[in-house]
Amino acid sequence: MSKPSLSFFLGLEKQNSKNGKIPVYLRIIANREKSDIRIPLEIEPELLPLWDNSFMRFREPIAELNRILNKYQKMFDDMLYLNAEKLYQLSAKNIRNELIGKNETGQMSIVEMFEKYFNDKIDKNTGKPFE
C-alpha cells in the first residue's frame, strides 16, 4: 500500500459559461481509490499559461493563488500526520471529507453550524441581519 497523495488540477472541461473562469479541483488518492472535489478557486483563462502541471502550482507572480493551494496541502499533510497510525485504513473519501469539514455521521461540523447560523441570520434580499 502506498501513502495517500494530494494533487490539484484545472477543470478545463467545466469552464463557467457565465464568467469564463476555470475551476480548480483537488484530487486525493488513497488505497487505489480517488476522490475529487472542486475547491472554491476559479482562474481567468488568461492565467492558464502560468499553470505548471508538474508542480501543480502557478508560476510567479500568482503567489496568492499558490497560497490557497498550499493551505489545502498543509491541511492534508497535517491530517496525515495526526492519523499516522491508521493511515492505511483511510479511504480517499474519508480524507476528502476530513479536509472539507464533513464528518461520517452526517452531523454538521462546528464550522458548518456557525455558517448555517450566520447565514440564517442574514436576510437574503437585503444582505442585512434580521432584527
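In this calculation the C-beta distance from Ile62 to Arg27 is compared with R0 = 25 Å, giving a FRET efficiency of 0.80. Under the combined filter of DSSP loop state and at most 14 neighbouring Cβ atoms within 10 Å, the stretch 1-108 retains these chymotrypsin sites (Phe, Trp or Tyr not before Pro): Phe55.
Entry note, the stretch 22-93: relative contact order of 33 percent, from Cα contacts under 8 Å with a spacing of 6+ residues.
Among the trypsin sites (Lys or Arg not before Pro) in the stretch 31-89, those placed in a DSSP loop whose Cβ has at most 16 other Cβ atoms within 10 Å are Arg32, Arg59.
Just so you know, all these numbers are worked out from the coordinates, no wet-lab data involved. Owing to the predicted nature of the structure, the values given are computational and were not obtained by experimental measurement. Ideal geometry is used to build each Cβ from the backbone, glycine not excepted, and the neighbour counts take in all protein chains shown.
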